[in-house]
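Structure, as structure tokens:
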Amino acid sequence: EGASEVGLIRGLDQFRVQKNVSIAAIGIALVDGGGVSKVLGRALAFQSLGYRTAVLRDDDAHPDPHEEGNFHKNGGKSFVWRKGNALEDEIFEAFADTSIRHLLEKAEKFHGKDEINEHVKSASSGACDLPECILTLSLKNRKLLSKASKGRASWFKSVSFMEEVARDVLGPDLEKAELSFQNTIESIFCWTHDSGR
């Protein structure tokens, strides 16, 4: 769908290359779809040129159903996070406490601890700060961290930021994540290696 999805798959691929062939080596190209309103138009354009095409997108907003129907009818594949979730929601909900703390360390590295703390306080209307959220990573606090990470100054919405997070945190900790996240990632990489479909 966008830069963070490109970074996610690139970073996971870099981690996986220790035991697997890189998707770049088998001819897979990752393309920033420009967001939910543009992603299927771009996917259909690649599809019309004869490329086997898949889309990885959020579920907090939806593309045009007619375009998506045409994309699937012509052999396209969509990988979508759980109902209502963006990528950040999935990550903050699916990974273990230690992984989330490492993720927050990356956010602090990219943007500074004070800025991340301000984002958390703003997202909670002053009710919670970063140290409180880290102390108890309840579902409520995870949702708050996800909301803060997606704000105006988003923490990971660039190829390079998400690539580093995926390579250094999500990849190594993937086996400890919720099965739904593991299964989506495994399905994506299975699709990339399945040249017969």
Point to revise | Close pairs (6 angstrom Cβ cut-off, 6 or more residues apart or separate chains): among the basic types (K, R) in segment 83-106, in a helix (DSSP H, G or I) anywhere | key: K106/V165
Review point. Would it be correct to say that T98 is over 19 Å from G2 (Cβ atoms), exposed (fewer than 14 other Cβ atoms within 10 Å of the Cβ), at pLDDT below 95 and not acidic (D, E)?
Key: no
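Give segment 22-57 a look and list any residue that's in a loop (DSSP other than H, G, I, E, B), charged (D, E, K, R) and within 17 Å of L12 (Cα to Cα), or say none. Before the answer, list the steps.
To start, the set of residues in segment 22-57 that are in a loop (DSSP other than H, G, I, E, B) comprises 22-23, 27-38, 49-53.
Restricting the remaining residues to those that are charged (D, E, K, R) gives 32, 38, 52.
Listed by number, the list holds a single entry, D32.
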Review point. Is there a residue being among the β-branched types (V, I, T), open to solvent by 70 Å² or more (accessible area, probe 1.4 Å) and touching a helix residue (DSSP H, G or I) at 6+ places or on another chain (Cβ under 9 Å) anywhere in segment 1-9?
Key: no
**Study point:** Lone unmet requirement of (1) without any contact (Cβ under 8 Å) to a residue 40 or more places away in the chain; (2) open to solvent by less than 20 Å² (accessible area, probe 1.4 Å) for V55
**Key:** (1)
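Among the candidates V6, V17, which residue alone is of a type outside the set (D, E, K, R), out of contact with any Cys (no Cβ under 8 Å at 6 or more places or on another chain) and more than 30 Å from A153 (Cα to Cα)? If you could, list the steps in order and put the result at the bottom.
Working: V6 fails: more than 30 Å from A153 (Cα to Cα).
That would be V17, the only listed residue that is of a type outside the set (D, E, K, R), out of contact with any Cys (no Cβ under 8 Å at 6 or more places or on another chain) and more than 30 Å from A153 (Cα to Cα).
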Review point. Just checking, how many residues over segment 120-167 are open to solvent by 80 Å² or more (accessible area, probe 1.4 Å) and within 16 Å of D58 (Cβ to Cβ)?
Key: 3
Review point. Of all residues in segment 162-197, which are of a type in the set (A, V, I, L, M, F, W, C), closer than 16 Å to F92 by Cα, under 15 Å from the mean Cα position of the chain (by Cα) and assigned to a helix (DSSP H, G or I)?
Key: M162, V165, A166, V169, L170, L174, F181, I185
Check your understanding: When both residues are 6+ apart or on different chains and their Cβ atoms are under 6 Å apart, which pairs have a first residue that lies in segment 18-30 and is at pLDDT 90 or above, and a second that is surrounded by 10 or more Cβ atoms within 10 Å (Cβ to Cβ)?
Key -> S22/D13; I23/D13; I23/T192; I28/T192; L30/V6; L30/I9
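Kindly provide the set of residues from segment 85-95 that are under 21 Å from E1 (Cα atoms) and either open to solvent by 30 Å² or more (accessible area, probe 1.4 Å) or not in a helix (DSSP H, G or I) (or both), ordered by number.
Restricting attention to segment 85-95, the residues satisfying the condition of being under 21 Å from E1 (Cα atoms) are 85-94.
Scanning segment 85-95 gives N85, A86, E93.
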Exercise for review: With the condition kept exactly as written, say whether any residue in segment 66-81 is at pLDDT below 95, surrounded by 17 or more Cβ atoms within 10 Å (Cβ to Cβ), out of contact with any strand residue (DSSP E or B) (no Cβ under 7 Å at 6 or more places or on another chain) and in a loop (DSSP other than H, G, I, E, B).
Suggested key: no
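The values are calculated or read from the model by the stated rules, or taken from the named source; none is laboratory data. If you're wondering where the values come from, they're calculated on a predicted model, not measured in any experiment. Because the Cβ atoms are built from the backbone with ideal geometry, glycine has one as well, and the counts that use them run over all protein chains shown. Side chains are part of the model used for accessible areas, which takes the heavy atoms of the whole protein and leaves out ligands, DNA and RNA. Shrake-Rupley method; radii C 1.70, N 1.55, O 1.52, S 1.80 Å.
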